[in-house]
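Note sheet for the following structure.
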Amino acid sequence: MNSGTSLLAGHSFALVGDQKELGTLEQINITGQAFTTAMRATTTRQPTTEWNLQLKAQTSANIKAGDVVFTHFWIRGVESMTGESFTSFEFELGPPDFNKISELRLGAGHDWRECSIPFKASADIPAGAAAICFRLGFDRQTIDIGGVEMVNFGTRVKLEDLPRTRDTYPGREADAAWRKQALDRIEKIRKADLLVTVTDASGKPIPNAAVHILQKRHAFRFGSCVTVDLLLEDSPDAEKYRHTFESLFNEAVFENDMKWPEVANGIPPRLDLALQWLLDRKIQVRGHNLIWPGRRLLPTSIVALGNNPQALRDAAASHITTEVSHFRGKLIQWDVVNEPYANHYLMDLLGRDVMIDWYKLARQADPSAKLFLNDYGIIDGGGLDIKHQDSFYNTIQYLKDSSAPIDGIGIQSHFGGILTDPARVLQIFDRYSTLGLPIESTELSINSDDRELQGDYMRDYMTAAFSHPNVHGIMLWGFWEKRHWRPQSALFATNWEMRPIGKAWIDLVRKQWWTDATVNTNADGQAQTRGFLGDYEITATAGGKTKIATVTLDSPGDKVKVVIE
Ligand code: XIL
């Protein structure tokens, strides 16, 4: 590979992970290929997670924001129960988050498969700060991985000019069975009949009047997270941000501004102003989040109380009461507890049942806000993390059984390299629906730089979620590259150019699932259509006169009378 810097110089792969004893690694010699040795990795028994067994090597040189990095290797399945062996390629930062920079799930049969994975770094990554991993936590198998190179081309090579192994997901096909069923359900549950009758002042029907039935707002919640700064700032980008938000979303959540560390010294007046901006536009706002009980996620003043459980308990209670009361009547929902599976520092110190108190306190402080438990790792990552899923299910069941006032299930939906089959997504929604609480897809992001794949998955994930009767909202975790925790996921690039993923969102939310029909009245003065649930403006025109009516279309349907005098 020419003119690049190797990122693996002198660094070799080692077998790591919480269950590394389930794997073996040997070097083998290879002939007849462009490389002469390969790693032969055997998984002797399936570990509990994909990442509990992996090959890992740290980077040996710096990467700068904007650099184009190219990883290239070959894989071959040696033995497995299906004939195919798997690995997931991950390029990730270190603990505790292991944030992913690039990911790809790969399978191979007995022939060598060449794999090319280019990406452009969005931030500086010093040598040793990131690692290249090959996950091996699959069913019993042996896989060969050979000729691994990772090269930093800096800005000398364009991302688009490098070869790329295409990723996909099951269920992407146009004629996939889940899709047809989902579209049928959408037609049935997300739409209703609207009958408009146009009469004159004496009540006589007016035939042949033109009736324009125009949807103004969705009943279903389509939202995004926002930041106080961009809602208030006076700059061309901030203006564009607000304008774009208003044109695409009817629900909002603050990405960070309502979190405990942000309000620990009092609720900043700017947060109230930004919230008012949203409420003035009739945007529904979720509260996120009251208790994110990880040690490094709490205010430092709270962690400092660590050796005094009673003081900790009091501080958490007073925080909930203060913040929820402050916003009383203004928020539709609160994530009372966030990510308890990975973050349980407070529960470890105070006991699991402290969560029950938190829900009760939130209910007392604002009886109108619906109270949620929110978590990741449920539908993302292929829907494979059964342990996380079970724990989430059991925690909700536990809260319900303990009379904690929990009203809803927040499923984060941050997708990385492994895109979950929409059929599996639906199955998981079904499972949590048995708990008898509504679901909201609270933090959708699709972190891929394969624009076509990303656009398709947006379409399919949204279609699956919108088709599920127990899902009531889909919230994006950001929409603009410059203000996004995973910038690749944004609908709009930094210069506001719309990406295919943005086109997919708009195409569904503003076109396919948006009703804009003109129907002429029949001899009885009636015009009928089937429209998506939501708010409508109905304009009837006859004899040069026009009358406008508004209606909210609910299930099972509505009738509206328009009188043209
Ligand atoms: C993230 C924000 O997007 C980042 O800006 C911040 O640095 C860390 O938190 N799950 C959650 C969100 O519930 O609150 C997280 O938001 C993303 C993962």
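The values are calculated or read from the model by the stated rules, or taken from the named source; none is laboratory data. All figures in this text were calculated on a predicted structure; none of them were measured in a lab. Positions of Cβ are backbone-derived with ideal geometry, glycine not excepted, and every protein chain shown enters the neighbour counts. Ligands, DNA and RNA are stripped out before the accessible areas are found, and what is left, the full protein with its side chains, is counted by its heavy atoms. Shrake-Rupley method; radii C 1.70, N 1.55, O 1.52, S 1.80 Å.
Between a residue in the stretch 386-405 that is within 30 Å of F138 (Cα to Cα) and any residue that is open to solvent by less than 30 Å² (accessible area, probe 1.4 Å) and in a helix (DSSP H, G or I), which pairs come within a Cβ distance under 9 Å, given they are 6 or more apart or on different chains?
If the second residue must be open to solvent by less than 30 Å² (accessible area, probe 1.4 Å) and in a helix (DSSP H, G or I), the pairs left are Q389/G383; Q389/I428; Q389/Y432; F392/Y432; Y393/Y432; T395/M355; I396/Y432.
Taking the condition open to solvent by 10 Å² or more (accessible area, probe 1.4 Å), away from the ligand (no atom under 16 Å from the Cβ), in contact (Cβ under 8 Å) with a residue 24 or more places away in the chain and over 21 Å from R190 (Cα atoms), does R459 pass?
Criteria not met by R459.
Could you grab me the full set of residues in the stretch 46-70 that are in contact with a Cys (Cβ under 8 Å, 6 or more places away or on another chain) and farther than 17 Å from K20 by Cα?
Matches in the stretch 46-70: none.
What's the total number of residues in the stretch 434-452 that are hydrophobic (A, V, I, L, M, F, W, C) and either modelled with pLDDT under 95 or within 16 Å of the ligand (Cβ to nearest atom) (or both)?
Final tally of qualifying residues: 3.
Answer yes or no as to whether S433 is open to solvent by 10 Å² or more (accessible area, probe 1.4 Å), within 26 Å of K360 (Cα to Cα) and out of contact with any Asp or Glu (no Cβ under 9 Å at 6 or more places or on another chain).
Yes: the conditions hold for S433.
Could you tell me whether any residue of the stretch 353-361 is out of contact with any Pro (no Cβ under 9 Å at 6 or more places or on another chain) and either aromatic (F, W, Y) or within 16 Å of the ligand (Cβ to nearest atom) (or both)?
For the stretch 353-361, residues out of contact with any Pro (no Cβ under 9 Å at 6 or more places or on another chain) and either aromatic (F, W, Y) or within 16 Å of the ligand (Cβ to nearest atom) (or both): present.
So, in the stretch 175-220, how many residues would count as being farther than 30 Å from Q412 by Cβ, open to solvent by less than 60 Å² (accessible area, probe 1.4 Å) and not in a strand (DSSP E or B)?
3
Going through the stretch 221-270 one residue at a time, which ones are part of a helix (DSSP H, G or I) and either within 13 Å of the ligand (Cβ to nearest atom) or crowded, with 21+ Cβ neighbours inside 10 Å (or both)?
Passing the criteria: V228, D229, L230, L231, Y241, F245, W260, P261, E262.
Among A34, A61, A57, which is of a type in the set (G, A, S) and modelled with pLDDT under 95?
Result of the check over A34, A61, A57: A34.
Can you tell me how many residues in the stretch 48-59 are out of contact with any Lys or Arg (no Cβ under 9 Å at 6 or more places or on another chain) and open to solvent by 40 Å² or more (accessible area, probe 1.4 Å)?
Here the count works out to 2.
For the stretch 432-453, enumerate the residues that are over 25 Å from I386 (Cα atoms) and either free of Cβ contacts under 8 Å to residues at least 60 places away in the same chain or part of a loop (DSSP other than H, G, I, E, B) (or both).
The answer is D449, D450, R451, E452.
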